[in-house]
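Right, one structure below, let's go through it.
The values are calculated or read from the model by the stated rules, or taken from the named source; none is laboratory data. From a predicted model like this one, the values you see are computed outputs, not experimental measurements. Methodologically, a virtual Cβ is constructed for each residue, glycine included, from the backbone with ideal geometry; neighbour enumeration extends over all protein chains shown.
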Amino acid sequence: MTPILADVGVPMIFLQMPLMVAALIPVVFVEALLVRRWLRLPRGTVFAGVAVANLASTLLGVPLAWLAMLAVEFIVGLPLSLTLDHLHSNLNSPVLALLGCVIGSAWLPPAETQMHWMIPMALTSLLVASFFASVWLERLVCVRWWQTSDATSVRRAVLKANGASYLVLFLLACGWTGIELLPERFLAGGSAGKDEANYSATTVRDKIVAAAPNGWSLTELADDQKEWFKEYFGNARILHFLLVGPESRCIRWTDSTGKEHEACVAKECLHVWVVPGDFETDIPRLDFGNGLPKRVVSLKAFRVYGYSNGQIEDKPKLDAIRKGASGSSWSEASLSWKHWRRDIQDSLRK
């Protein structure tokens, strides 16, 4: 069975921009009140200047800051990841996972099981870059808009007003990140309930299967699927099982004449590995788009890893499509079981 790796990550500019636009009006209001207090300019003049400056910083400064962080991701993040991997460093570290998210905040890797905390953390990191871009642009605009005021005083007022507004946004983003990271305490070794001492892989499997939504079912692994990620899970004590969901996965392809087609030849699925608590794996937590299994639960008695993918239902048809296609791509790879990670954690707490 062929893995489906359609996910290409998350370009954060498409999430950041709507949020910054939504914050524009309250930010303009707060910054205008602060600037008027410091510069003693007419109310209309202050509000007009602050509004134009913030519009410029939102529409131009935020994208520029994102591009700068994208450059950092390629110049620093990618070489760092390759170097650490070459040196066989221990990348299975929460600290490196957080560092990787900060460095790679412009374009997050396709790590579906980590997105709940990676997105707010990336937004927090991007706010820092956006702050410097905003101060630079808004100073240029406001100095020209309020020419009757001392330029040094205007620059100082703009810096202080932006510092105040961005501090509020930064604290909100940090709070969001903190809330999303609270469940990670379970990954570090929380309580799995009364049955942890009597751990068995089949018991864990049965609890996870019971937690799956309607339409999801336990399916027998094909021989080649049993070999998936064997370099990480090649151990007789490991239980690897497969849950298949109700939604189809479709392949889009272009034939030799340039005509586009679509066929649904797969179903959504979730691979799960249950391993002993003392089992060590080299799966990196700092994953720049490699599409690797992610740790869902880590306790003294056992650990659980998950990997969302697609289960090919019609392999002959897929082979025929690929043979005659000049190009192809898969449909959206996210699961209909939206909160599978948290549901698995909750099922093992009972």
What about TRP145, is it over 23 Å from the mean Cα position of the chain (by Cα), aromatic (Phe, Trp, Tyr) and buried (at least 16 other Cβ atoms within 10 Å of the Cβ)? yes
Against the condition over 25 Å from ARG342 (Cβ atoms) and part of a helix (DSSP H, G or I), how does LEU123 come out, does it pass? no
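With respect to VAL46, is the statement that it is aliphatic (A, V, I, L, M) and crowded, with 20+ Cβ neighbours inside 10 Å true?
Working: aliphatic (A, V, I, L, M): yes; crowded, with 20+ Cβ neighbours inside 10 Å: yes.
Yes: the conditions hold for VAL46.
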Condition test on TRP146, is it over 23 Å from VAL304 (Cβ atoms), out of contact with any strand residue (DSSP E or B) (no Cβ under 6 Å at 6 or more places or on another chain) and modelled with pLDDT under 95? yes
Of (1) at pLDDT below 85; (2) more than 28 Å from GLU73 (Cβ to Cβ), LYS259 fails just (1)
Apart from one, (1) charged (D, E, K, R); (2) farther than 18 Å from VAL304 by Cβ; (3) over 26 Å from the mean Cα position of the chain (by Cα); (4) surrounded by 13 or more Cβ atoms within 10 Å (Cβ to Cβ) all hold for ASP206; the odd one out is (2)
Of the residues ALA210, ALA222, ALA236, only one is touching a residue at least 24 places away in the same chain (Cβ under 8 Å), of a type in the set (Gly, Ala, Ser) and either outside the structural domain of LYS338 (by TED's automatic domain parsing) or more than 30 Å from ILE321 (Cβ to Cβ) (or both); which? ALA210
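Working only within segment 323-350, note down all residues that are assigned to a helix (DSSP H, G or I), in contact (Cβ under 8 Å) with a residue 40 or more places away in the chain and not acidic (Asp, Glu). Even if it seems obvious, please write down each step before you answer.
So the first thing to find is which residues in segment 323-350 are assigned to a helix (DSSP H, G or I), and the list is 323-324, 340-347.
Remaining after also requiring in contact (Cβ under 8 Å) with a residue 40 or more places away in the chain: 324, 340-347.
Scanning segment 323-350 gives GLY324, TRP340, ARG341, ARG342, ILE344, GLN345, SER347.
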Quick check: is even one residue across segment 177-188 small (Gly, Ala, Ser), surrounded by fewer than 14 Cβ atoms within 10 Å (Cβ to Cβ), at pLDDT below 90 and over 18 Å from ALA266 (Cβ atoms)? yes
Segment 293-323, subset out of contact with any Gly (no Cβ under 7 Å at 6 or more places or on another chain) and farther than 22 Å from SER248 by Cα, residue modelled with the lowest pLDDT: ARG295
